[in-house]
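These notes concern the structure reproduced below.
The values are calculated or read from the model by the stated rules, or taken from the named source; none is laboratory data. Being a predicted model, the structure only gives us computed values, none of them experimental. No Cβ is skipped: glycine too gets one built from the backbone with ideal geometry, and neighbour counts run over all protein chains shown. Please note that ligands, DNA and RNA were not included when accessible areas were found on the heavy atoms of the full protein model with its side chains. Shrake-Rupley method; radii C 1.70, N 1.55, O 1.52, S 1.80 Å.
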Amino acid sequence: MLLKDAAAASAYGVQGGNGVLLISTKNGNGEQTSVSYTTAFGLEQAMFEVRPNTPEEYLQYPYSVNMGGSEDWLDLITQTGISSIHNLALSTSNRAFSMRASVNYRLATGTLQGTGFDQLNSRINMQTRALKDKLLIQARFAATTRKSDFGFREAIKYAFSANPTMPVYDLSSSENGGY
């Protein structure tokens with residue numbers, strides 16, 4: 001619903017002077033009960049990549065050190081991000097009461113290894129009428145919980161500055177498990 005001019009200003013003061021857009025969330029409607037489930041999956045990749053130097057390009061710089069390997073450090077720390085979204089909703093209503101409850105679960109892995117998030121959203125909307133339909137009582141409850149993994153902030157910086165001739169794994173080194 002769009003409130004303009006005087007209606008918006010009277011309800012929302014100066015902030016509503018340019019108009020107010022009211023958005024309603026879904027409620028149960030009709031005399032029925034319904035359950036719905038939807039899901040979506042997605043993939044993420046970097047659209048444009050700046051590539052670090054190859055070992056051949058790196059060795060053309062003065063004072064470069066050849067450590068005998070050939071690594072793409074950026075490729076080693078990145079991945080294709082995968083995300084999934086699941087929505088479950090229940091709605092029921094009759095002439096005097098309506099209710100809609102929904103749960104949304106999202107799981108996403110980022111394009112940088114060790115990054116992503118796990119999120120759960122829930123929402124309940126209820127409304128009832130009383131006093132011969134003269135009183136409308138509404139209640140809305142929502143909760144969200146999210147666990148995020150941000151990874152190592154400097155990983156990309158170090159992938160670009162690492163010597164591309166330095167091997168990732170060195171069997172002769174027991175320090176750091178040979179990495």
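With the condition kept exactly as written, say whether any residue in the range 141-157 is open to solvent by 80 Å² or more (accessible area, probe 1.4 Å), in a strand (DSSP E or B) and of a type in the set (Phe, Trp, Tyr). Within the range 141-157, one or more residues are open to solvent by 80 Å² or more (accessible area, probe 1.4 Å), in a strand (DSSP E or B) and of a type in the set (Phe, Trp, Tyr). Scan the range 73-86 residue by residue and report those that are surrounded by fewer than 15 Cβ atoms within 10 Å (Cβ to Cβ) and either over 24 Å from the mean Cα position of the chain (by Cα) or hydroxyl-bearing (Ser, Thr, Tyr) (or both). Matches in the range 73-86: Thr80, Ser84.
Does at least one position in the range 117-124 carry a residue that is over 25 Å from the mean Cα position of the chain (by Cα) and assigned to a strand (DSSP E or B)? Spell out the reasoning first.
Start the filter on the range 117-124 by keeping residues that are over 25 Å from the mean Cα position of the chain (by Cα), which leaves none.
Looking for residues that are over 25 Å from the mean Cα position of the chain (by Cα) and assigned to a strand (DSSP E or B), one finds none in the range 117-124, hence no.
Okay, residues lined up against (1) modelled with pLDDT of 90 or more; (2) under 30 Å from Gln138 (Cα atoms):
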| site | (1), (2) |
| --- | --- |
| Asp75 | yes, no |
| His86 | yes, yes |
| Arg95 | no, yes |
| Arg106 | yes, yes |
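Of all the criteria given as (1) aliphatic (A, V, I, L, M); (2) touching a Pro at 6+ places or on another chain (Cβ under 9 Å); (3) closer than 30 Å to Tyr37 by Cα, the one not satisfied by Ala162 is (3). Across the range 117-133, not a single residue is classified as within 22 Å of Thr38 (Cα to Cα), surrounded by fewer than 10 Cβ atoms within 10 Å (Cβ to Cβ) and hydroxyl-bearing (Ser, Thr, Tyr).
Ala108 satisfies every condition listed in (1) in contact with a Leu (Cβ under 6 Å, 6 or more places away or on another chain); (2) closer than 30 Å to Glu154 by Cβ; (3) of a type outside the set (D, E, K, R) except (1). Pairing each residue of the range 126-143 that is modelled with pLDDT under 95 with any residue that is loosely packed, with under 10 Cβ neighbours inside 10 Å and not in a loop (DSSP other than H, G, I, E, B), provided the two are 6+ apart or on different chains, yields C-beta distances under 7 Å for Arg129/Leu135.
Under the condition of being of a type in the set (Gly, Ala, Ser) and closer than 24 Å to Ser83 by Cα, which residue from the range 148-172 is modelled with the highest pLDDT?
Restricting to residues being of a type in the set (Gly, Ala, Ser) and closer than 24 Å to Ser83 by Cα, the top hit is Ser148.
Filtered by the rule that a residue be part of a loop (DSSP other than H, G, I, E, B) and without any contact (Cβ under 8 Å) to a residue 40 or more places away in the chain, the range 65-86 gives Gln79, Thr80. Here Ala162 fits the description: of a type in the set (Gly, Ala, Ser) and under 26 Å from Met47 (Cα atoms). Of all residues in the range 30-61, those satisfying the criterion of being part of a loop (DSSP other than H, G, I, E, B) and open to solvent by 100 Å² or more (accessible area, probe 1.4 Å) are Glu31, Gln32, Gln45, Met47, Phe48, Glu49, Val50, Arg51, Gln60, Tyr61.
Within the range 87-102, track down each residue that is in a strand (DSSP E or B) and loosely packed, with under 15 Cβ neighbours inside 10 Å. Once the filter is applied, which keeps residues that are in a strand (DSSP E or B) and loosely packed, with under 15 Cβ neighbours inside 10 Å, the range 87-102 yields only Phe97.
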